[in-house]
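Let me begin by presenting the structure, written as structure tokens, before commenting on it.
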Amino acid sequence: MRHSTIASITRREAIARTLGLAGAAAMAPSALATSPHRKQLLVLFLSGGASQLETWDPKPGTKFGGPFRAINTSLDGVRIGELLPRTAKIMHRLAVVRSVNSNLPDHEKGHYAIQAGRLAPGYPVLGSAVAKLLEQPGDILPGYITLRRDGPKAYTDTGDAGFLGAKYEGVRVINGLPPDNLIVPAGINAAALQTRDAARRAADERFLRTHARSPINGYGTTFDQASALMQRREIFDLKAESPKDVERYGRHDFGQNCMLARRLLEAGVPCVRVVHFDWDAHQDNFYWHQMRCAEFDRTFVTLLDDLEQRGMLEHTLVVVTGEMGRTPQINNFGGRDHWGRAWSMAMAGCGIKQGVVHGMTNDLGTEVKEDEVGIGDLFHTYLTALGIDSSADYHLNGQTNPVADPAAGPIKAVLA
Amino acid sequence: MPVSPAKSKLLIEHKHDVPLMSCVFSPNGRHLLAGGRDSGVVCIEVASGKKTLLAGHESWVGEMARAGDDLVLTSDYTGCVIAWDCSGELPALRWKLPAHPSTVRALAVSADGRTFATGDRDGNVRLWQSGDGKMMREFIKNEHPIYGLALHPDGKRIITADRRPQKPTIQVWDISSGKELLKIEVPELSGYRRVEDIEWGGIRSLTLSPDGSLILVSGRAGYDGPATTLIYETTSGKLHRKLSSTLKGFCYSARCHRDGWVMTASGELAKGEFRAWKTDQDQSLADTATAGPCTALDIHPDSSRFAITQAIGKGSYPETGVLAIYEWQA
């Protein structure tokens with residue numbers, strides 16, 4: 001049943017909900033001061049679509065099972081692909097969903113839909129939504145930062161803040177470098193910078209007298225966020241990490257971006273997404289997954305260990321997903337193609353029940369057999385795990401939009 | 001009796017319930033073994049066509065080679081190598097060893113059959129005794145997956161081919177010292193694309209001419225180019241000939257006939273071919289189209305016949321395999 005009492009989600013209300021308070025009016029500074037640690041979200045996005053059969057849902061010895069074996073995990077009776085040996089040892093800390101049916105065998109549509117939790121265009125993707133819904137007074141860093149290497153396929157950045165506006169757009173960090181123009185050009189001193197900023201603000205104020213506030217506020221926030229990042233450039237300096245730690249994460253793009261993600265979360269960024277390229281193995285799927293899984297396996301476990309040891313996993317939801325799975329059928333180039341009807345994803349951390357495998361595919365892995373999960377269900381689940389009421393509505397610019405697809409709901413079996 | 005590379009006749013065609021991707025005749029030529037997308041090894045008695053399945057592997061059987069007078073070696077995706085004694089009525093498992101922790105992508109046997117080499121996905125190359133499967137040496141650790149191996153008939157050199165992004169590379173090594181003698185970069189067989197940061201192409205097989213003077217490496221010319229075999233001079237590294245098919249796909253296998261010509265087996269998504277070539281001509285002598293991609297070939301020890309494996313299915317998804325034996329005509 002949908003909640004009907006929430007008229008709109010403002011910054012204060014969102015926080016109040018996150019804290020489980022009755023309403024914005026009930027929130028006092030003292031409540032914030034005694035609040036639990038702020039919830040955070042980390043999305044590890046396996047872009048291109050990882051094969052469920054080589055990862056979370058192996059079917060060795062079957063017609064489409066591929067050449068790899070399944071291995072035992074730390075969870076009794078649960079086996080995963082042998083390409084994830086380290087992950088197998090921490091399965092008791094994860095929740096895996098083996099029954100995702102997005103029915104979207106398409107990169108661009110899948111990227112948007114799996115992140116927005118619905119097919120209809122114009123909605124904020126998960127990172128932007130969470131940035132909005134977990135926003136707190138005094139936030140100065142961007143609410144959502146997405147990390148990837150350069151040269152991605154066009155679909156990678158599909159979707160962002162939608163109707164939430166520019167303020168909640170993901171800030172893209174490419175190759176671990178701070179966003180462009182973060183560093184003040186040589187020759188511009190602090191006084192000159194201050195003068196420029198004052199001129200910009202004055203122009204904004206004049207414009208606001210006759211125009212809607214929202215876009216201008218968004219731009220103003222962007223400047224403020226850029227300014228805040230300027231002050232925190234050290235976050236991006238991975239040289240501050242020991243060589244041993246750099247090695248632990250892996251020197252590849254994904255490893256280094258995951259290390260940076262941890263630093264951003266530590267700095268207080270509510271939502272970080274790391275894109276792991278590229279799982280789109282239309283040829284040589286098995287060679288490809290050997291390479292990609294080796295990167296993922298080591299980095300993922302290192303990251304989870306670090307988050308746990310630092311006490312961050314208690315308040316950080318970690319989501320591992322792509323935009324789709326891969327065909328059970330293996331093509332003549334040894335590849336697996338796009339498949340949305342039966343695939344897998346995983347979660348860990350805040351709000352998630354540990355050691356759960358939810359759903360089941362049939363013997364060949366071609367269809368979901370039990371506990372089918374849709375993209376909307378996943379979106380509800382993420383928000384619920386983060387303590388957000390996923391049945392709430394956005395009320396913006398005179399429009400009402402549900403935060404998550406009302407036709408879907410959270411997967412209770414994986415929620416703590 | 002000399003045979004014509006341009007004339008061949010289908011003798012036997014066996015259908016198998018999974019796509020096939022490797023094959024080899026036994027040393028005495030009595031049996032033909034094939035492997036594919038399951039853990040079984042198909043064994044065909046050449047004279048009678050009788051088919052038997054050999055059990056022992058735990059995963060797809062990707063590589064095969066003859067060793068000496070009686071052995072066939074087979075390797076699988078889990079890194080396991082099995083030696084089959086082919087001197088009897090049926091091949092019998094002589095030894096089985098976990099040769100590598102990852103997929104064995106290349107397997108080669110010395111001319112005298114006493115030594116063999118394996119190369120894996122992680123770039124490891126190891127040397128072994130064929131008779132008992134005992135490891136002789138951890139030869140090299142390459143940074144890139146090994147996709148081709150050959151032991152030179154002089155007994156002193158080993159040739160490796162890797163799947164290095166952008167520059168698939170052939171290296172000739174001195175076995176005793178482990179020193180690199182020659183390095184040949186083969187960018188023409190690269191299908192690297194920065195967008196995925198993956199080498200889509202690379203060298204897919206390596207073989208030597210019978211006298212060891214030529215190195216043949218096969219693959220695809222570029223990301224979406226034709227099936228291609230490049231022939232290099234072993235001593236100088238100079239490109240001797242480029243054998244380029246019209247088929248847009250991969251050349252998966254090349255074999256040298258004792259009379260000096262070359263056979264290639266190639267495939268694209270839904271069809272395949274095999275061709276015969278002279279090493280001093282750009283155009284093939286003969287080409288035969290096949291229903292499915294040709295994934296491997298081997299020449300019978302008596303040089304009168306050859307075998308081809310195929311993957312068969314509707315469109316781009318193969319569900320079955322074909323193992324065919326052809327005979328060259330005079």
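Here is a yes/no grid of residues against (1) in a strand (DSSP E or B); (2) in contact with an Asp or Glu (Cβ under 7 Å, 6 or more places away or on another chain); (3) at pLDDT below 95:
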site	(1), (2), (3)
B:93	yes, no, no
B:136	yes, no, no
B:144	no, yes, yes
B:149	yes, no, no
B:158	yes, no, no
B:161	yes, no, no
B:173	yes, yes, no
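Taking the conditions exactly as written (surrounded by fewer than 23 Cβ atoms within 10 Å (Cβ to Cβ) and of a type in the set (Gly, Ala, Ser)), does residue B:102 satisfy them or not? Yes.
Here are some residues: A:246, A:275. Which one is hydrophobic (A, V, I, L, M, F, W, C) and in contact (Cβ under 8 Å) with a residue 24 or more places away in the chain?
Values: A:246 fails: in contact (Cβ under 8 Å) with a residue 24 or more places away in the chain.
After applying the criteria, what remains is A:275.
Within the stretch B:162-190, the residues that satisfy the criterion of being out of contact with any strand residue (DSSP E or B) (no Cβ under 6 Å at 6 or more places or on another chain) and either within 14 Å of another protein chain (Cβ to nearest Cβ) or at positive phi (or both) are B:164, B:168, B:178, B:190.
Here is a yes/no grid of residues against (1) buried (at least 20 other Cβ atoms within 10 Å of the Cβ); (2) in a strand (DSSP E or B):
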site	(1), (2)
A:346	yes, yes
A:354	no, no
A:369	no, yes
A:395	no, yes
A:400	no, yes
A:404	yes, no
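Note on the stretch B:292-323: residues that are surrounded by fewer than 22 Cβ atoms within 10 Å (Cβ to Cβ) and either more than 14 Å from chain A (Cβ to nearest Cβ) or more than 30 Å from residue A:328 (Cα to Cα) (or both) total 6.
Filtering the stretch B:226-261 to residues that are hydroxyl-bearing (Ser, Thr, Tyr), assigned to a loop (DSSP other than H, G, I, E, B) and either within 14 Å of chain A (Cβ to nearest Cβ) or buried (at least 23 other Cβ atoms within 10 Å of the Cβ) (or both) leaves B:234, B:245. Go through the stretch A:140-165 and give me each residue that's buried (at least 17 other Cβ atoms within 10 Å of the Cβ), in contact (Cβ under 8 Å) with a residue 40 or more places away in the chain and more than 14 Å from chain B (Cβ to nearest Cβ). Listed by number, the residues that qualify are A:141, A:142, A:143, A:144, A:145, A:146, A:147, A:158, A:159, A:162, A:164, A:165. Only strands (runs of 3 or more DSSP E) whose full extent lies in the stretch B:43-85 are considered here, and the ones with at least 1 residues that are among the β-branched types (Val, Ile, Thr) and away from chain A (no Cβ under 14 Å) are B:51-54, B:71-76, B:80-85.
Here's the yes/no breakdown for (1) more than 15 Å from the chain's Cα centre (by Cα); (2) closer than 17 Å to residue A:246 by Cα:
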{"residue": "A:295", "(1), (2)": "yes, yes"}
{"residue": "A:300", "(1), (2)": "no, yes"}
{"residue": "A:303", "(1), (2)": "no, yes"}
{"residue": "A:330", "(1), (2)": "yes, no"}
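Go through the residues of the stretch A:350-364 one by one and say whether even a single one is among the basic types (Lys, Arg), under 23 Å from residue A:88 (Cβ atoms) and more than 21 Å from the chain's Cα centre (by Cα). Write out each step before concluding.
Start the filter on the stretch A:350-364 by keeping residues that are among the basic types (Lys, Arg), which leaves A:353.
Applying the additional criterion that residues be under 23 Å from residue A:88 (Cβ atoms) yields A:353.
Still in the running and more than 21 Å from the chain's Cα centre (by Cα): none.
Within the stretch A:350-364 (the criterion being among the basic types (Lys, Arg), under 23 Å from residue A:88 (Cβ atoms) and more than 21 Å from the chain's Cα centre (by Cα)), the answer is no, since none of the residues qualifies.
Checking B:231, B:198, B:215 one by one, the residue that is in contact with a His (Cβ under 8 Å, 6 or more places away or on another chain) and either at pLDDT below 95 or over 19 Å from residue A:153 (Cβ atoms) (or both) is B:231 and no other. Among all residues of the stretch B:83-97, there is none that is closer than 19 Å to residue B:111 by Cα, hydroxyl-bearing (Ser, Thr, Tyr) and surrounded by 16 or more Cβ atoms within 10 Å (Cβ to Cβ). From (1) closer than 28 Å to residue A:263 by Cβ; (2) in contact with a Leu (Cβ under 9 Å, 6 or more places away or on another chain); (3) among the hydroxyl-bearing types (Ser, Thr, Tyr), pick out the condition that doesn't hold for residue A:47. For residue A:47, the exception is condition (2). Here residue B:201 passes the criteria (1) surrounded by fewer than 24 Cβ atoms within 10 Å (Cβ to Cβ); (2) within 13 Å of chain A (Cβ to nearest Cβ) except the one numbered (1). Select from the stretch B:26-64 the residues that are crowded, with 23+ Cβ neighbours inside 10 Å and charged (D, E, K, R) and write down the one among them that is farthest from residue B:96 (Cα to Cα). So the residue we want is B:37.
Residues of the stretch A:261-299 that are out of contact with any helix residue (DSSP H, G or I) (no Cβ under 9 Å at 6 or more places or on another chain) and more than 11 Å from chain B (Cβ to nearest Cβ): A:268 alone. Contact annotation: residue pairs with Cβ atoms under 6 Å, 6 or more positions apart or on different chains, pairing a residue in the stretch B:1-27 that is within 14 Å of another protein chain (Cβ to nearest Cβ) with a partner that is among the hydroxyl-bearing types (Ser, Thr, Tyr), are B:17/B:320; B:20/B:309; B:21/B:295. If a residue has to be within 12 Å of the chain's Cα centre (by Cα) and outside any loop (DSSP other than H, G, I, E, B) to count, how many in the stretch A:305-322 make the cut? Looking only at that region, the number is 6. Among the residues of the stretch A:323-340, those identified as assigned to a loop (DSSP other than H, G, I, E, B) and within 14 Å of chain B (Cβ to nearest Cβ) are A:327, A:328, A:329, A:330, A:331, A:332, A:333, A:334, A:335, A:336, A:337.
When residues of the stretch A:36-93 are filtered for being in contact with a Pro (Cβ under 6 Å, 6 or more places away or on another chain) and either buried (at least 24 other Cβ atoms within 10 Å of the Cβ) or not small (Gly, Ala, Ser) (or both), how many remain?
First, pick out the residues of the stretch A:36-93 that are in contact with a Pro (Cβ under 6 Å, 6 or more places away or on another chain): A:40, A:64, A:69-70, A:81.
Now restrict to residues that are either buried (at least 24 other Cβ atoms within 10 Å of the Cβ) or not small (Gly, Ala, Ser) (or both): A:40, A:64, A:69, A:81.
Number satisfying all stated conditions: 4.
Within the stretch B:86-107, the set of residues being within 14 Å of another protein chain (Cβ to nearest Cβ) and under 25 Å from residue A:70 (Cβ atoms) comprises B:98, B:100, B:101, B:102, B:103, B:104, B:105. For the stretch B:278-291, the candidate set comprises residues that are part of a strand (DSSP E or B) and not charged (D, E, K, R); within that set, the residue that is nearest to the other protein chains (Cβ to nearest Cβ) is B:290.
The residues on offer are B:37, B:30, and the sole one that is within 14 Å of chain A (Cβ to nearest Cβ) and within 18 Å of residue B:324 (Cβ to Cβ) is B:37.
When we screen A:11, A:118 for residues that are at pLDDT 95 or above, surrounded by fewer than 24 Cβ atoms within 10 Å (Cβ to Cβ) and under 22 Å from the mean Cα position of the chain (by Cα), the only hit is A:118. Out of A:225, A:256, A:309, A:290, one residue alone is out of contact with any Lys or Arg (no Cβ under 8 Å at 6 or more places or on another chain), at pLDDT below 95 and of a type in the set (S, T, N, Q). It is A:225.
The values are calculated or read from the model by the stated rules, or taken from the named source; none is laboratory data. Fair warning: this is a prediction, and the values are worked out from it, not measured in the lab. Here the Cβ is made from the backbone with ideal geometry for all residues, glycine too, and neighbour counts use every protein chain on show.
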